Every structure is written in C-alpha cells, then in structure tokens.
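A.B. asks: Quick one: the structure is below, and I'll ask about it shortly.
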Amino acid sequence: MGETIQIVVTVNGRRRALDVEPTATLLDLLRDDLGLTGSKACCLVGECGACTVRLNGRIVDSCLVLAAEVDGGEVMTIEGLAPDGRLTALQERFLDHGAVQCGYCTPGQLMAATDLLARIPHPTVAEVEEGLAGNLCRCGCYVQITEAVLAAAEGER
Amino acid sequence: MHRFVYERPEALADAVELFARHGAAARPLAGGTDLIIGLRDGSARPAVVVDLKRIAELPPTIEEQGSWLRISATVVMSDLLADARIRHEFPALAEAAAAVGSVQIRNRATVAGNICNASPAADTAPPLLVYGAVVVAVSDAGTRRIPLTDFFVRSGVTTLRSDEFVTAIELPRPSAPLGAVHLRRTRRRGHDLASVTLSCAIDRDGVTRLAYGSVGPRPILVVDESGRLADRGASDTVKEAILDRLFSAASPSPRSMRASPEYRLAMLRVLGRRAVRVALVRLDGGVQDG
Ligand code: FES
Ligand code: FES
C-alpha cells in the first residue's frame, strides 16, 4: 500500500501542499510534518482534548481527524493564536490566575476557551464548564482555568 | 494504525459503486469519532475507507421534504443543536445531541454515524425512535427506507447490508406539538457513555412513546396507547405498573463495567417516571428542565 494522498491545507494562515499517508491523522501532520508540537498527542481517543485545534471554524480533536480529510481546509493551532509572540488577553489571564501548572493541557484548553468566548462572549460558570468539558487537566487546574476564562470575558465587557 | 485505502468520491454513484465492489471490506467515514479509534486499536479493519463528506449529493444540511425533515448523513451534532426546527419540534433529539461527548466531539460526530455504530448506549437512538425516524440507505439495488425500529440488531450490528450505506435520517414533523424529553444517567459528564438513556414523547391524544437504551443489546421503543400513563389523574401505583410492563424487555448486561444490572433497572424506572412528568409539563406548554 503506502499510496499517499496530495492535499492542500492552510495552517495558521499559510498554505501548504503536502503528501499524506491514508493513516496519518491531522495531529500527525501538524506535529511530524510541520513541526507544530503545541498540539499534544495524549489519549488519541478523543477524550483529553490536548490535541484540540480549529478546523474550518470549529474546534476538533485532531487525533480523530485524518490528514486526508482536511484537504482544502483551514486549520488554526495554538501556534497561530499569538503569531507575533504577543499573548492574547485569554493567555495573559491563564498566567495571572495560575491556570498553568505542567502546561501539557494548556494549548488544548486555550483553543477550546478561545472558541467558547467567540461563541459566548460572557459565559456563565456552567457554560465555561460545558465548553471545556472535552479538555482534561491532570494537574487539576480546573478552578483556575475557569476563573481565567471568566476574567478574560470580564475584561472584554 | 491499521492500513487502508482512502477514497473520497465526489458523486453518490461513485460511492455506491465502491460499496458494491468492496462490500464488507469498505467502511463509510463521516465524522470518524468512532471509526478512527477503531482503525487505531484494530477493532475496525476495513480494506477501504470511503469518506462521505465530499459527495455532492450529501452536503451537511437538514432539509424540509413535505412533512418530513431530512438530516443528511454528514450532519454533525453541533449542526442539529444550531437548527431551530430541531430544537423546537424535536427537543428530545436536541437534548440528546447536546449530551454527546464534548464540543470537539459534537463538531465532528454525525447523527448517522451514531446510529450506524449501533452502540446500545447511542445517545440519539432513543429520541429518534420516539419521533418515528426512518433511515435512508442506498446501494446498487436502489434506495431503502428502513424504519429505525427495524434497524438495530445488537451492539455494532444493524440490518444494513454490506453493500449499503446511510445517506440520511428522516423525521416526520409532528402535526401538533408533542411533550418530549431526553434523560440520561452517566457516571461522568463529557467523557463517558451513558449508563441508561431514555426518551419520552407524549401527544395530545395521550399516547406515550418511550425509548430506552444501554439496558440491553439494542435500544427499544415501547408505546402506551391506553392513555393512562399520560393521565394526570392516574395514581403513581397505576403508572408504575404500566412502566414495569413497558420496561420488561430491558436486560442489562451483567458484564458491563459501567453499572450493575440492578442499578440500571432501578434507574430506568426513575428516569421513566421523571420523563413522563416532564413531558406532560412540556405538553402543556410549560418549561421544565429534564
Ligand atoms: S489526544 Fe486527542 S483527545 Fe486526547
Ligand atoms: S496543567 Fe498539567 S495537565 Fe493541565
């Protein structure tokens, strides 16, 4: 087998033409082909959210998307959130609130929280919990993460 | 990951041809939230994976066809939740879709895939059963419309033939408002399959339709035509006796790691009573959380 598929995909604003294996996931493509290792490879079954990226305007677990499926699509990863190195308000609030311990879950949490605030600019605590239900934090920073998201929303008011 | 050939037909006829040629060796790919896990852990070993998302005839839309709504096979849970017709006319389906996985999963997982995977715990199966859904499947031999009540066989097995795949799920739009609700018991929100799922829809004539899952090899639809379950004056004892009879086909597996059969059967009755109560309030136009 080993027959590759040609795809064109825009990642963090840059168009890329790539040859991908049928078995490669979007996560493999990002990490191994493009060196974008901010998206983490963790559970690989869609439970932890460490691999969360935005695909065509919606967040997805990139471990559950084949690279071939994203042909023609647009992907944004954590590296695309602050391309010029200036952190977003949400990222700043994660830092002030101690919402980052080991940091392994943080890229996924930030992608999910950015998506949540775009959909619901002023969420309730329950809405934050629901919006981040697909992102596990084994350091247990849930309280601080929720506070950081609420503070970012407050700042926008 | 298990190796396979990836196909992305752009016309329905090409997809039909692929399934006619490969039969059981081909697997349709819609959201991939079950299939890709299976490909990785070796529980799914297709020679060919057919991506349905580029087929021109299967855009991710929910269309009105006379008195029916047609949910295309590529419609994801988030699309259902965003659709006002689904939320207003089929609230139990919207509630079930909202309970699936997480935002990331709901952005990818399709309703058709949820049904085809045929998990006894499939969240959307009970509401689709109470609303009288029909599965539309296509093959070389033409199109078949399969009532959902004739679709599930057991976990992972449906009455689809190996050369067929699902193109849509159709729902008859209720002529008068129903009172409906979807309830679920799970160990953990966001990441776990349900331990018990139950949907209830009551119409103006007092006919109560209940469908339940996760308590046997397949989701089951039962109907109380007597009107007594929906009778606001009937005593709890009478209603409980009716529910006991309706739930007699429940046979939870003793080997499940999620919950014991005793727990599931007890919760089924609790959810049954609660669902009838909530559905009646909603039938009267009231707002009541599930
Ligand atoms: S690595 Fe993708 S959800 Fe855990
Ligand atoms: S900060 Fe360590 S896993 Fe979340």
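A.B. asks: Based on the Cα atoms of the range A:58-157, what semi-axes does the equivalent ellipsoid have, where each is the square root of 5 times one gyration tensor eigenvalue, given in whole Å with the largest first?
C.D. replies: 22, 15, 14
A.B. asks: Based on Cα positions only, what radius of gyration and what Dmax would you give for the range A:31-83, in angstroms?
C.D. replies: According to the Cα coordinates of the range A:31-83, Rg and Dmax are 10.5, 29 Å.
A.B. asks: Any idea what % of Cα-Cα pairs in the protein assembly as shown are farther than 43 Å?
C.D. replies: Result for the distance tail: 15 percent.
A.B. asks: Next question. Might you tell me the accessible area per residue for the range B:133-283, computed with a 1.4 Å probe and given in Å²?
C.D. replies: 45
A.B. asks: Hey, another quick one. Can you list the residues of the range A:121-148 whose accessible area drops by at least 30 Å² going from the chain on its own to the full set of protein chains, with a 1.4 Å probe?
C.D. replies: Residues passing the criterion (a loss of at least 30 Å², heavy atoms only) are A:Glu130, A:Ala133, A:Gly134.
A.B. asks: To continue, here is another question. A plus B alone minus the pair: what accessible area, both sides summed, probe 1.4 Å, in Å² to 100?
C.D. replies: It comes to approximately 2700 Å² buried between A and B.
A.B. asks: Taking 1 over the mean of 1/r across every pair of different Cα atoms in the range A:1-65, what Kirkwood radius in Å do you get?
C.D. replies: After inverting the pairwise mean of 1/r, the radius is 12.3 Å.
A.B. asks: Can I ask one more? What residues in the range B:2-18 lose 30 Å² or more of accessible surface when the other protein chains are added to their chain alone (1.4 Å probe)?
C.D. replies: Hits at the 30 Å² cut-off: B:Arg3, B:Phe4, B:Tyr6, B:Arg8.
A.B. asks: Mind grabbing the accessible area of B:Ser43 for me, 1.4 Å probe, Å², rounded to tens?
C.D. replies: Rounded to the nearest 10, the figure is 90 Å².
A.B. asks: A further question follows. With no solvent and one point on each alpha carbon, what is the Debye value of log10 I(q)/I(0) for the range B:178-283 at q = 0.13, 0.16, 0.22 Å⁻¹?
C.D. replies: Once normalised to I(0) and log-transformed, intensities are -0.44, -0.66, -1.14.
A.B. asks: Continuing with this model, one more query. If R0 is 35 Å, what FRET efficiency do you get for B:Arg21 and A:Asp19 from their C-beta distance, rounded to 0.05?
C.D. replies: 0.85
A.B. asks: Antiparallel as a % of all DSSP beta bridges within the range B:1-129, to the nearest 5?
C.D. replies: Bridges in the range B:1-129 that DSSP calls antiparallel: roughly 40 percent.
A.B. asks: Per residue, how much accessible surface does the range B:1-80 expose to a 1.4 Å probe? Answer in Å², no decimals.
C.D. replies: Heavy-atom accessible area per residue stands at 42 Å².
A.B. asks: Collect residues whose amide H, placed 1.01 Å from N in the peptide plane, falls under 5 Å from the amide H of B:Ala168; neighbours closer than 5 in sequence don't count.
C.D. replies: B:Ala73, B:Val136
A.B. asks: Let me ask something else. Grab the DSSP H runs of chain B that are 4 residues or longer, score each as -39,500 (n - 2.57), total them, divide by all residues and round the 222 nm result to the nearest 500 deg cm²/dmol.
C.D. replies: Only helices count here, giving -8500 deg cm²/dmol.
A.B. asks: Name the shape class, rounded, prolate or oblate, that the alpha-carbon gyration tensor gives for chain B, where a ≥ b ≥ c are the square roots of its eigenvalues, rounded holds for a/c under 1.5, and otherwise prolate holds if a/b is larger than b/c and oblate otherwise.
C.D. replies: Verdict is prolate for chain B.
A.B. asks: Could you give the nm distance between label points at B:Tyr263 and B:Glu63, where each point is 7 Å from its Cα heading toward the beta carbon?
C.D. replies: 4.5
A.B. asks: Next question, about the same structure. Carbon-plus-sulfur fraction of the accessible area of the range A:5-78, 1.4 Å probe, in percent?
C.D. replies: 40
A.B. asks: Work out the length of the dipole vector of the range A:89-154 about its Cα centre, built from +1 on the beta-carbon of each Lys and Arg and -1 on the beta-carbon of each Asp and Glu, and round it to the nearest 20 debye.
C.D. replies: With only Lys, Arg, Asp and Glu charged at Cβ, the dipole is about 180 debye.
A.B. asks: Counting only the backbone N, which residues of the range A:45-71 are under 16 Å from the spot 7 Å out from the Cα of A:Cys102 toward its beta-carbon?
C.D. replies: The answer is A:48-51.
A.B. asks: Turning to a different aspect of this structure: Show me, for the range A:37-48, the HN-Hα J-couplings you get by feeding each phi into the Karplus relation (A = 6.51, B = -1.76, C = 1.60, θ = phi - 60°), rounded to Hz, glycine and proline as x.
C.D. replies: Result, ordered by residue: 8, x, 6, 8, 9, 10, 7, 6, 10, x, 9, 9 Hz.
A.B. asks: Shifting gears a bit: Would you work out what percent of the accessible area of the range B:178-283, with all protein chains in place, is carbon or sulfur (probe 1.4 Å)?
C.D. replies: The computed percentage sits at 50.
A.B. asks: In nm, what is the difference between 0.36 nm times the number of residues separating B:Arg277 and B:Lys53 and their Cα-Cα distance?
C.D. replies: 76.6 nm
A.B. asks: Another question, if that's okay. How far apart, in nm, are two points set 7 Å out from the Cα along the Cα-to-Cβ line at A:His122 and at B:Asp14?
C.D. replies: 5.0
A.B. asks: Would you mind working out the accessible area per residue for chain A, using a 1.4 Å probe, and quoting it in Å²?
C.D. replies: I get 45 Å² per residue for chain A.
A.B. asks: For the range A:11-44, state which residues have at least 20 Å² less accessible area in the presence of all protein chains than in their chain by itself, taking the probe as 1.4 Å and leaving out ligands, DNA and RNA.
C.D. replies: By number: A:Pro22, A:Thr23, A:Thr25, A:Leu44.
A.B. asks: Let me ask you something else. List the DSSP H helices in chain B whose Cα atoms stretch 24 Å or more along the helix axis and whose mean Kyte-Doolittle hydropathy is at least 0.0.
C.D. replies: B:261-283
A.B. asks: Would you work out what percent of the accessible area of the range B:1-50, with all protein chains in place, is carbon or sulfur (probe 1.4 Å)?
C.D. replies: 49
A.B. asks: Give a residue-ordered list of calculated ³J(HN,Hα) values for the range A:64-73 (Karplus: 6.51 cos²θ - 1.76 cosθ + 1.60, θ = phi - 60°; whole Hz; x for Gly, Pro).
C.D. replies: Once rounded to whole Hz, the list reads 10, 10, 6, 4, 4, 5, 8, 3, x, x.
A.B. asks: Ignoring GluC sites (Glu not before Pro) that are buried or in helix or strand per DSSP, and keeping those with at most 15 other beta carbon atoms within 10 Å, what is the longest stretch of chain B between them?
C.D. replies: B:58-224
A.B. asks: Return, ordered by residue number, the residues of the range A:89-124 whose backbone nitrogen is under 18 Å from a label point located 7 Å along Cα→Cβ of B:Ala82.
C.D. replies: Flagged as within label range: A:112-121.
The values are calculated or read from the model by the stated rules, or taken from the named source; none is laboratory data. Note that the structure is a prediction, hence the values are computed from the model and not measured. For neighbour counting, all protein chains shown are included, and Cβ atoms are generated from backbone atoms with ideal geometry for every residue, glycine included. Surface accessibility is based on the protein's heavy atoms, side chains included, excluding ligands, DNA and RNA. Shrake-Rupley method; radii C 1.70, N 1.55, O 1.52, S 1.80 Å.
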